[in-house]
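These notes are about the structure you will find just below.
The values are calculated or read from the model by the stated rules, or taken from the named source; none is laboratory data. This structure is a prediction, so every number in the text was calculated from the model and none was measured. Glycine also receives a Cβ, built like all others from the backbone with ideal geometry; neighbour counts cover every protein chain displayed.
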Amino acid sequence: MSTAIVLAGNPNSGKTTLFNELTGARQHVGNYPGVTVEKKQGTCSSDFGKLSIVDLPGTYSLTAYSLEEVVARDFLVNENPSMVVDIVDASNLERNLYLTVQFMEMGLPVTIALNMMDVAEKREIKIDIEKLSELLNVPVVPINARSGKGKKELLKTITSHVSGMVESLRISYGRDIDSALDKMEEMIQVFGFLTAKYRARWVAIKYFENDSQITELGKKEDQKVDLQLEGVVQKVTDHLSVTLDTHPEGMIADHRYGFIHSVLKQGVISYAQDRNRLQLSDKIDKVVTNQFLGPIIMVAIIMGLYKFTFSYSEIPIGWFENFFGWVGGIADSALPDGLLKSLVISGIIDGVGGVLGFVPLIMFMFLGIAFFEDSGYLARMAFMLDRVFRMFGLHGSSVMAFIVSGGIAGGCAVPGVMAARTLKSPKERLATLLTVPFMNCGAKLPVFALLVAAFFAENEAIVMLLITLISWIGALLVARLLRSTIIKGEATPFVMELPPYRLPTIKGILIHTWERTWQYIKKAGTVILGVSIILWAMMTFPGLDETKTQEFENRRSTITSIVSSKILGELDILEKDNLSANALAVKESLTQVDFDEAHAGLKNSIAGRIGSFFEGITKFAGFDWRTNIALVGGFAAKEVVVSTLGTAYSIGEVDPEETTSLSDKLKAADGWGPLTAFSLILFTIFYAPCFVTVVCIAKEAGSWKWAGFSVVFNTVLAFGVSVLFYQIGSIVF
Amino acid sequence: MNLRQMQVDQAGTIVSVKAVGELGRRIRDMGLIPGKEIKVQGRAPLKDPVSLRIMGFTLTLRNNEADHIEVEVQ
């Protein structure tokens, strides 16, 4: 039988490092039921049998305010773990024990793993471990999560102390509250009020703390008891506010800290130097968050991240492309021409290949983000930019998601959406998830490049800068709009720790990167493959009817019937470059027939019909059916807009990297001008995210509702902006 | 004096924390309670939020959150 152990502790206390150290690769990341909080589980074999370990979300306290805290608390209450291993940062003992005390008040069996003793020693903090253990009456084991030192001893202590619930710690909260608590405890016992799950005194304390989760449960359990308890609380609250100008919540926190302070003062801890003395970390902060240097360093670091991600991931992305090209080549020669071949190559291989092509990018991006997160720099970025983001209802920590998504043109919304996970505040996080797809990701760039080159060739740089600005302003304004309408709510407090800078552990970064990448790959195998096939079908079916196909066949035979057999022979055996002038001309006419056939097929396909159907509306934004199809294709991946435009304009598939022929065509085409081009640019910035991003939004927001919202809302918004621009533009110019 | 008005490097002792609800809880959970000594460590480039030192670690707080905290400056 395995023993269930729970790892708990403050953020930045080394909890995840210890978890990785204990479980190694034997871990599994999932979600707690119904919420998007990550649940990490793993097993650890020790000399004392197999332990199953759950890594609780890092929290400072156990209130009902944050999702993490509620999740942690519910888990502890429902699962009755045999031991709560509380990782405590020795260099930050007083604040870390605040959580410990709350575990003990719940009556949970606790073992303290005293981490970062080395840091404490460096700061000349002396801790009497035995004394601490004796005063708190729980085992305390010094460990070093990074090096794994003390791991054996910790496991031994855990296994020799496993037990069920223990006697709750009783702290005095002052005479008024204490006597009320006694009374309430008795009442709760008598009525068996919520006692199936919770300790009586703990429930009473939660009533004093005005804990919404418990009081709501209480109302459901027994309204009469609930009212009586509320009555007692109200009386004490009134009394405290008159006599001491304070309230029970404040008193309770004060006394908890008071209790910790009194324990520490009994010779547990001694400081040889001023506790608030500047440490190395603070000295770094003086420079890194400096008013002038801070922003400059930040920009340099972001550029570094981009450079690292995009230049180094290019090589493995190339391998992926070659691999899928190779697989496609095999399929091309192995399968007979026809629908199956088209499905395998254009539907499955291109679709999955396109998605897996992101894998190296995501790995590199997360390697970088994990480094910044674990080192502590991410918290500083949030600190510096919070003022700006807050104006728009976001949070300082939104910055990473925006930048990764293409805040500086060329990111990718997929890792961007996933990077929003570093945000702990649910409302700001949702607003961030929904607005980062407006950033200019690398796949939108070919579309912009094509249009800018064709219609704004003289002002390329200015127009590109304008595009970046528009996407930022748009994203921030939409965030503001969402936060004052459907995601309304108070700003989450920015009471945040700036953890000391630490060199991240390689193991930690690799595990972190792998987790995210693997989650992404799993998606590619399921939902994304399905959508990719649907999109392929939309652009293929119903295809051309027989008379039409026959027409193209006839055109081909007309061309070939008038040329000599010598030239035909030449076409059969020679490559394009070696053809004679006559043969080349014939070849080109034949290719033109192919292109025209593809064009006719596309127009007749479901996507084409959708495109034609919407022409009536989209003409207000300046788009004809061809542009519409391209935009439908862009839902697969934004750069597909370019290649589909190529097919729609009968010049074959266009390589997004090489678009000269298409820009020439567009310049000459009917209905195209700078106005239409810019209208399309605006639409591309704002319309529905590509489906890979949509899938990620669904996962990160925890519901398909928000994913659907982003598709519909963004498209409507984009259409509105484009029409407005096009109509006003048509009048002005 | 209100925490918002404190200068960088100024130190003092917290006299009262007026915030209630979620903000109050978060502030207190991090140890910002009457009697604790704090020191203003720095401010973000746009002067908000503020970072301060308490019980040997660094904490950040927005100015409108600092408004709830009264400090007796040394």
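Of note:
- Whichever residue in the range A:415-426 is out of contact with any His (no Cβ under 6 Å at 6 or more places or on another chain) and within 14 Å of chain B (Cβ to nearest Cβ) and, among such residues, is farthest from residue A:705 (Cα to Cα): A:424
Yes/no per residue for (1) at pLDDT 80 or above; (2) assigned by TED's automatic domain parsing to the domain that holds residue A:540; (3) surrounded by 22 or more Cβ atoms within 10 Å (Cβ to Cβ):
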site: A:570; (1), (2), (3): no, no, no
site: A:631; (1), (2), (3): yes, yes, yes
site: A:637; (1), (2), (3): yes, yes, yes
site: A:640; (1), (2), (3): yes, yes, yes
site: A:646; (1), (2), (3): no, yes, yes
site: A:658; (1), (2), (3): no, yes, no
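Residue-wise test of (1) surrounded by fewer than 17 Cβ atoms within 10 Å (Cβ to Cβ); (2) within 16 Å of residue A:145 (Cβ to Cβ); (3) in contact (Cβ under 8 Å) with a residue 60 or more places away in the chain.
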{"position": "A:8", "(1), (2), (3)": "no, yes, yes"}
{"position": "A:16", "(1), (2), (3)": "no, yes, yes"}
{"position": "A:30", "(1), (2), (3)": "yes, no, no"}
{"position": "A:45", "(1), (2), (3)": "yes, no, no"}
{"position": "A:55", "(1), (2), (3)": "no, yes, no"}
{"position": "A:59", "(1), (2), (3)": "no, no, no"}
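- Among the residues of the range A:154-165, those identified as assigned to a helix (DSSP H, G or I) and surrounded by 14 or more Cβ atoms within 10 Å (Cβ to Cβ) are A:154, A:155, A:156, A:157, A:158, A:159, A:161.
- Qualifying positions in the range A:95-145 - in a loop (DSSP other than H, G, I, E, B) and within 14 Å of chain B (Cβ to nearest Cβ): A:116, A:123, A:124
- Residue check for residue B:15: loosely packed, with under 15 Cβ neighbours inside 10 Å, outside any loop (DSSP other than H, G, I, E, B) and either of a type outside the set (Asp, Glu) or more than 7 Å from every other protein chain (Cβ to nearest Cβ) (or both): yes
- Hits in the range B:37-61 (condition: of a type in the set (D, E, K, R), in contact with a strand residue (DSSP E or B) (Cβ under 8 Å, 6 or more places away or on another chain) and surrounded by 17 or more Cβ atoms within 10 Å (Cβ to Cβ)): B:39, B:43, B:53
- Among residues of the range A:69-88 that are in contact (Cβ under 8 Å) with a residue 40 or more places away in the chain, those with a beta-carbon under 8 Å from a residue that is in a helix (DSSP H, G or I) and of a type in the set (D, E, K, R) at least six positions away or on a different chain give the pairs A:87/A:15.
- Scanning the range A:355-414 for residues being of a type in the set (Phe, Trp, Tyr), within 14 Å of chain B (Cβ to nearest Cβ) and farther than 19 Å from residue A:491 by Cβ gives a total of 1.
- Only a single criterion out of (1) within 14 Å of another protein chain (Cβ to nearest Cβ); (2) crowded, with 17+ Cβ neighbours inside 10 Å is not satisfied by residue A:455, namely (1).
- Checking residue A:429 against (1) within 14 Å of chain B (Cβ to nearest Cβ); (2) at pLDDT 85 or above; (3) within 22 Å of residue A:698 (Cα to Cα), the condition it does not meet: (1)
- Against the conditions (1) within 25 Å of residue A:388 (Cα to Cα); (2) over 8 Å from the mean Cα position of the chain (by Cα); (3) more than 7 Å from chain A (Cβ to nearest Cβ), residue B:35 satisfies every one except (1).
- Yes/no for residue A:491 being closer than 30 Å to residue A:717 by Cα and in a helix (DSSP H, G or I): no
- Residue count for the range A:64-88, restricted to those that are over 22 Å from residue A:152 (Cβ atoms), in a loop (DSSP other than H, G, I, E, B) and touching a Ser or Thr at 6+ places or on another chain (Cβ under 9 Å): 3
- Among the candidates A:372, A:383, residue that is under 17 Å from the mean Cα position of the chain (by Cα) and modelled with pLDDT of 85 or more: A:372
- Pick from the range A:217-272, criterion in a loop (DSSP other than H, G, I, E, B) and free of Cβ contacts under 8 Å to residues at least 24 places away in the same chain, ranking: farthest from the chain's Cα centre (by Cα): A:244
- For the range B:1-12, the tally of residues that are part of a strand (DSSP E or B) and more than 10 Å from chain A (Cβ to nearest Cβ) stands at 2.
- Looking across the range B:21-32, just one residue is surrounded by fewer than 21 Cβ atoms within 10 Å (Cβ to Cβ) and more than 7 Å from chain A (Cβ to nearest Cβ), and that is B:21.
- Every listed requirement among (1) surrounded by 18 or more Cβ atoms within 10 Å (Cβ to Cβ); (2) farther than 30 Å from residue A:119 by Cβ; (3) without any contact (Cβ under 8 Å) to a residue 12 or more places away in the chain is met by residue A:520 save one, (3).
- Of the residues contained in the range A:94-104, one or more are found to be under 22 Å from residue B:33 (Cα atoms) and among the hydroxyl-bearing types (Ser, Thr, Tyr).
- Restricting attention to the range B:38-63 and to residues that are outside any strand (DSSP E or B) and touching a residue at least 24 places away in the same chain (Cβ under 8 Å), the residue that is farthest from the chain's Cα centre (by Cα) turns out to be B:55.
- Long-range neighbours under 9 Å by Cβ, at least six apart or interchain, first residue within 19 Å of residue A:687 (Cα to Cα) and in contact (Cβ under 8 Å) with a residue 24 or more places away in the chain within the range A:446-471, second basic (Lys, Arg) and buried (at least 19 other Cβ atoms within 10 Å of the Cβ): A:446/A:638; A:447/A:638; A:467/A:444; A:471/A:444
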